[in-house]
1. Condition check: within 18 Å of the chain's Cα centre (by Cα) and in a helix (DSSP H, G or I). Does Thr40 satisfy that?
2. Please identify the pairs in which a residue from region 27-41 that is under 23 Å from Pro63 (Cα atoms) and open to solvent by less than 70 Å² (accessible area, probe 1.4 Å) has its Cβ atom under 9 Å from the Cβ atom of a residue that is part of a loop (DSSP other than H, G, I, E, B) and aromatic (Phe, Trp, Tyr), counting only partners at least 6 apart or on another chain.
3. Just checking, how many residues over region 20-47 are on the phi > 0 side of the Ramachandran plot and modelled with pLDDT under 95?
4. Within region 71-85, how many residues turn out to be open to solvent by less than 40 Å² (accessible area, probe 1.4 Å) and either at pLDDT 90 or above or under 18 Å from the mean Cα position of the chain (by Cα) (or both)?
5. Examine region 49-63 for a residue that is over 21 Å from Met144 (Cβ atoms), part of a loop (DSSP other than H, G, I, E, B) and open to solvent by 60 Å² or more (accessible area, probe 1.4 Å), and state whether such a residue exists.
6. I'm trying to understand the selection: among the residues of region 113-127, which are open to solvent by less than 60 Å² (accessible area, probe 1.4 Å) and touching a residue at least 12 places away in the same chain (Cβ under 8 Å)?
7. Pairs needed: first member in region 128-150, under 16 Å from Asn107 (Cβ atoms); second member anywhere, part of a loop (DSSP other than H, G, I, E, B) and hydroxyl-bearing (Ser, Thr, Tyr); C-beta distance under 8 Å; at least 6 residues apart or different chains.
Amino acid sequence: MRYLHTMLRVRNLDAALKFYSDALGLKEVRRIDNDKGRFTLVFLCAPEDEHLLKSLPSTRGAPLVELTYNWDEESYGEDRFFGHLAYEVDDIYATCDRLMKLGITINRPPRDGNMAFVRSPDLHSIELLQKGEPKAPAEPWLSMPNTGHW
């Protein structure tokens, strides 16, 4: 397993970038504006980690902070500002199977062979991403419904 990023929701993207970039010195390395979903994702890394991005796929650079800015005003409450931790795994199906056998609920099954979400006992969301190319969709994951929140 390899640590990828931490996602944080922000209310004001300019103010957040002033803090994370200008004050802390993190560098913006990728930005995604999604008109349909009405959100912007900004990925930041520490200058000392920037060299790691050159040897990794652009969507799996590590370690990063992902700032998520939803264009429509949203009331998160204090517990919703933290988004999730993300880890890359060698085999998403085997990982989810092992977690289920340990009694962990797969909140968002890896129906696409690429991404799943689970939650910690303290209800922190953990995103699991398949290393390399997504696996072919397969049962029981393909027809497994979402459970709870992530």
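1. On the way: within 18 Å of the chain's Cα centre (by Cα): yes; in a helix (DSSP H, G or I): no.
Answer is no for this residue.
2. Phe39/Trp71; Thr40/Trp71
3. Qualifying residue count, region 20-47: 1.
4. Number of matching residues: 3.
5. Yes, the conditions are met somewhere in region 49-63.
6. Within region 113-127, Gly113, Asn114, Met115, Ala116, Phe117, Val118, Ser125, Ile126, Glu127 qualify.
7. Once the first residue is under 16 Å from Asn107 (Cβ atoms) and sits in region 128-150, its partners that are part of a loop (DSSP other than H, G, I, E, B) and hydroxyl-bearing (Ser, Thr, Tyr) give Thr147/Thr105; Gly148/Thr105.
Here is a yes/no grid of residues against (1) farther than 24 Å from Asn34 by Cβ; (2) modelled with pLDDT of 90 or more:
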{"site": "Ser58", "(1), (2)": "no, no"}
{"site": "Pro63", "(1), (2)": "no, no"}
{"site": "Tyr87", "(1), (2)": "no, no"}
{"site": "Arg98", "(1), (2)": "yes, yes"}
{"site": "Ile126", "(1), (2)": "no, no"}
{"site": "Pro140", "(1), (2)": "yes, yes"}
{"site": "Met144", "(1), (2)": "yes, yes"}
{"site": "Gly148", "(1), (2)": "yes, no"}
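The values are calculated or read from the model by the stated rules, or taken from the named source; none is laboratory data. Since the model is a prediction, treat every value here as computed from it, not as a measurement. Every residue, glycine as well, gets a Cβ built from its backbone with ideal geometry; the counts of neighbours run over all protein chains shown. These accessible areas exclude ligands, DNA and RNA; they are computed on the full protein's heavy atoms, side chains included. Shrake-Rupley method; radii C 1.70, N 1.55, O 1.52, S 1.80 Å.
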